[in-house]
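The values are calculated or read from the model by the stated rules, or taken from the named source; none is laboratory data. Quick caveat, the model's predicted, so the values are computed rather than measured. No Cβ is skipped: glycine too gets one built from the backbone with ideal geometry, and neighbour counts run over all protein chains shown.
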Amino acid sequence: MNKEFKIVQVIVNNNSYQTDKLFDYEIPTHLYNKITRGMRVMVPFGRGNQRLEAYVFNVTTSSAKDMKLKKVLAVIDEQPILSEHQLRLAFWMKNQYLCKYIEAIHCLIPKGMINKERKLIILVNNQWDTLISPSQRKLKNILTTINDLGGKVYLDLLMQHVDYKEINDAIKTLLEKNIIDIKYEFNSKINIKTERYVYINVKDNRWNEVLASLKNAKKQKVSLEILKQQGECSVKELLYMANTGMTTLNSLKDKGYIGFMDVEVKRDPFANKSFSAFPKPVPNKEQQMAIDRIGNSIKNNINDRYLIHGITGSGKTEIYLQLIEKVLEKGKQGIVLVPEISLTPQTVSRFMGRFGDRIAVLHSSLSDGERYDEWRRIAMNEVDIVIGARSAIFAPLKNLGIIIIDEEHEHTYKSDQTPRYMATDIAEYRSQLENTVLVLGSATPSMETYHKALNGKLDLITLTKRATDAKLPHIEVVNMTEELELGNTAVFSSQLIAAMEENLKNQKQTILFLNRRGHSSVISCKSCGYVLKCEHCDITMTFHRTDERLKCHYCGQMKHVPAVCPSCNSDSVKYSGTGTQKIEDLVKHYLPTARIMRMDMDTTSRKGSHEKILESFKNQEVDILIGTQMISKGLDFPNVTLVGIISADSALNLPDFRAAERTFQLVTQVAGRAGRGLEEGRVILQTYEPNHYSIIASRNHDYEKFFQDELIIRKEFYYPPFTNLILLNFSGKDEKTVDYAANSVANHIKYILNSQGYNTFDYNILGPNPSMISKIKENYRYQILLKDVEVPFGLLKKAVKYLLIDNRNKYIPQNLTCSIDINPFTII
DNA sequence: AGCACGCCGACT
DNA sequence: GTCGGCGTGCTC
């Protein structure tokens, strides 16, 4: 007789393709009413009944007794940790990006929330040497190690001390012999941050007696008296007030007069910063129209999607602020994505200034603990606005009214780890699912987005005027080929030097932009032409002036410049390929009186250094700011009247379908830093290709023209927005294996397509080829690019899923990694 | 992934 | 005949 029983269908927290499916577990009767979708439970898994955290996707009943189900061990959450929307999002992500359920789930909840069990090995029988035979050297070694480590040790730590492959066998034998015991502990990776507090432990009637006993211990007496006044306070405060050290307090504790306790404190990443209220300016006509139009969608709860295409300085941020205000008035919440928070502190502070403390800021440089705290604040409904980088799109707001993505075209919205999601895609899906307004904003929208806008999939709002009525800067293109012909072989054109001098004289500020850090990126031999490369990567090493060494920007390896050429023993070294450090040296040489600062990854590695540099630039303690990409965004300094773009070509010549688009965007963004104040800005753009359509269009501030020119090329060569791409990356230590596997996968894809009646592969299967950088960190890299040309995208995805997911172990050897990137940002 | 099972060479 | 390394296959 079959009786009905309740079961759950769960995804286990196990990151492998083979366990990436729903598993059924029986719910024991005592947990019948405690489990709903979206909660986490503990389940026994696998032959060893390893205890795993699992995510409940379904709760149903079953009467089928054909398979013996294991039972849920315990429930972790009282409330679902994943909402219905989030469960659907996870499901959608899996299909969209061909990732695992668990990878999608890990996007949705912070690291600190995920429990993994740690095994604590405890030695329980000290007479163990009598229980094992002398030949069992491995067991003996393990036991002595545990003993040396104090009789108990976590298994993962033990594994670091002893070097046995199959340590689990040994542990199992020892457990059977009752020599050791295993305790399972949750490693909550994030410790709840606590602060030690002191409290007084002396009853009033003994007070005088106690004080008298301390007459020879002045510091202790003072401390105790202060503590009596305060009631209780943190150890830190007491030490400060009593001007004493921990030994004083410890002796008080030993005497039993005081006690310690740990109190949870919330980490506040903005603890040391204050934000002044940001005044609300009156919008100009264009801004007001945008606010009214989008405001209408907000008012009527319509899932409308907008693209605000506004020139640099057109005041998009102010529009966002006022839209958020409308959303808050409706009692709803908003997400604002910015490309990279640390690069746009001004935007963040404007939001903080306007909306105060019901904001959560999700920094990329937050510690896991800080991130966890912010996530909990959001989940517990303590905030209404989340502002953050890419991952903030997953913020667990429950009553979302608007999603705003600023600088929509930025590559930082594409994740660089699996799942390689695009935050704008997630935003689009989320806005649909949760019926919210979506606003994308950019001065230089991506080709895909603008194409959508022209096809009516997004409502286009165009802003043509700068908010403060400032004019767009005048861009002068300097043809470096002509400079060369005139005999100027220097990095700076005569125009740029002259303009910099003039600016310095007039006490105006200058920004110099070059998208390459370091000093010289190519170190070669003058006599034989040998180019120095990293030993582990297929890439030239960059010379860094600051530590006089060569550095590989891919694996980080550093080494000294060889005294002689490894190939021909000549001692003449050529430093070519200009980086920001060289620019810094050159400017110092040309303009010795200028105060210079450099901003790139090398000068901003320490926390807070961004802000410091920008602060001193803002305070006009710096005349010339030299920087890479990171100075191209969001900086708004009125005194900057000159921007020099050292070379517009470096991005242009990359073998990537987005090269022209990136160049246009970069030039426009960087140029937009000039002339934001009262005076008209001036931009000097140096290039060897002054007639390239992206250079001409950016000089004329003509996005439309650029878009139309580029669109023709995209269509001709079958690239987005006309196609979808799938990039398969293969990498491994053995080049032959990588090559073979990539070829085999490509052939199987052809075979599958063929079986469906498609038999030309010239445009839809490109490669396999060695990647642009064919080796990184000793790993050889190959890639296959798939395009949905004459083949449905769905079929390509199906083929990839079949080969690389469902039957992965058949096609991908163990010692090789293969990643899937749906619609990659670059194909380099 | 992580675990157990089972095979096989090496070593008492 | 064991010990211990390694490949294989399964997980509700």
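Numbers at a glance
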quantity	calculated
Helices (runs of 4 or more DSSP H) wholly inside the range A:294-388 that include at least 3 residues being among the basic types (Lys, Arg)	A:368-379
Residue match in the range A:60-69 (condition: closer than 26 Å to A:Arg420 by Cα, out of contact with any Pro (no Cβ under 6 Å at 6 or more places or on another chain) and at pLDDT below 95)	no
Of all residues making up the range A:661-686, the number that are among the hydrophobic types (A, V, I, L, M, F, W, C) and more than 25 Å from the chain's Cα centre (by Cα)	6
Residue selected from the range A:1-24 under the condition away from DNA strand B (no atom under 16 Å from the Cβ) and in contact with a Leu (Cβ under 8 Å, 6 or more places away or on another chain), by the criterion farthest from A:Ile109 (Cα to Cα)	A:Ile7
Residues (in a strand (DSSP E or B) and either at pLDDT 85 or above or among the polar types (S, T, N, Q) (or both)) located in the range A:506-522	A:Gln509, A:Thr510, A:Ile511, A:Leu512, A:Phe513, A:Ser520, A:Ser521
Conditions (1) under 23 Å from A:Leu108 (Cα atoms); (2) within 16 Å of DNA strand B (Cβ to nearest atom); (3) assigned to a loop (DSSP other than H, G, I, E, B); number of the one not met by A:Arg47	(1)
The lone exception for A:Lys119 - which of (1) out of contact with any Asp or Glu (no Cβ under 9 Å at 6 or more places or on another chain); (2) more than 30 Å from A:Pro396 (Cβ to Cβ) it fails	(1)
Checking A:Gly38 against (1) surrounded by 14 or more Cβ atoms within 10 Å (Cβ to Cβ); (2) within 12 Å of DNA strand C (Cβ to nearest atom); (3) at positive phi, the condition it does not meet	(2)
Count of residues meeting criterion [β-branched (Val, Ile, Thr) and farther than 29 Å from A:Pro770 by Cβ] in the range A:527-575	2
Number of positions in the range A:445-468 that are assigned to a loop (DSSP other than H, G, I, E, B) and farther than 27 Å from A:Arg673 by Cα	4
Residue within the range A:772-779 that is surrounded by fewer than 19 Cβ atoms within 10 Å (Cβ to Cβ), charged (D, E, K, R) and under 30 Å from A:Cys534 (Cβ atoms) present	yes
Unmet requirement for A:Ala651, which otherwise passes all of (1) surrounded by fewer than 24 Cβ atoms within 10 Å (Cβ to Cβ); (2) outside any helix (DSSP H, G or I)	(2)
Residue pairs meeting the criteria (Cβ under 9 Å; at least 6 apart or on separate chains; first closer than 14 Å to A:Lys100 by Cα, in the range A:18-30; second of a type in the set (D, E, K, R) and within 11 Å of DNA strand B (Cβ to nearest atom))	A:Gln18/A:Arg808; A:Thr19/A:Lys100; A:Asp20/A:Lys100
Within the range A:569-617, tally of residues that are surrounded by fewer than 17 Cβ atoms within 10 Å (Cβ to Cβ), of a type in the set (D, E, K, R) and in a helix (DSSP H, G or I)	5
Of the criteria (1) within 30 Å of the chain's Cα centre (by Cα); (2) part of a strand (DSSP E or B), which one A:Val477 fails	(1)
Some residue of the range A:807-815 being closer than 30 Å to A:Asn455 by Cα, of a type in the set (A, V, I, L, M, F, W, C) and either in a loop (DSSP other than H, G, I, E, B) or in the same structural domain as A:Tyr101 (by TED's automatic domain parsing) (or both)	no
Only listed residue being away from DNA strand B (no atom under 16 Å from the Cβ), part of a strand (DSSP E or B), touching a residue at least 12 places away in the same chain (Cβ under 8 Å) and over 29 Å from A:Tyr802 (Cβ atoms), chosen from A:Thr61, A:Thr36	A:Thr61
Number of positions in the range A:41-68 that are of a type in the set (S, T, N, Q) and either more than 14 Å from DNA strand C (Cβ to nearest atom) or crowded, with 19+ Cβ neighbours inside 10 Å (or both)	2
Of residues in the range A:691-708 being closer than 18 Å to A:Gly672 by Cα and of a type in the set (Ser, Thr, Tyr), the one surrounded by the fewest Cβ atoms within 10 Å (Cβ to Cβ)	A:Tyr703
Selection from the range A:629-654 of residues that are under 19 Å from A:Thr580 (Cα atoms), of a type outside the set (A, V, I, L, M) and touching a helix residue (DSSP H, G or I) at 6+ places or on another chain (Cβ under 6 Å)	A:Ser632, A:Lys633, A:Gly644
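Here's the yes/no breakdown for (1) under 23 Å from A:Gly112 (Cα atoms); (2) within 14 Å of DNA strand C (Cβ to nearest atom):
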residue: A:Lys6; (1), (2): no, yes
residue: A:Ser16; (1), (2): yes, yes
residue: A:Phe23; (1), (2): no, yes
residue: A:Leu31; (1), (2): no, no
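Each row is one residue, and each column tells you yes or no for (1) surrounded by fewer than 16 Cβ atoms within 10 Å (Cβ to Cβ); (2) hydroxyl-bearing (Ser, Thr, Tyr); (3) within 14 Å of DNA strand B (Cβ to nearest atom).
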residue: A:Ile122; (1), (2), (3): yes, no, no
residue: A:Thr130; (1), (2), (3): yes, yes, no
residue: A:Asn141; (1), (2), (3): yes, no, no
residue: A:Thr144; (1), (2), (3): yes, yes, no
residue: A:Asp148; (1), (2), (3): yes, no, no
residue: A:Ile171; (1), (2), (3): no, no, yes
residue: A:Leu174; (1), (2), (3): no, no, yes
residue: A:Asp181; (1), (2), (3): yes, no, no
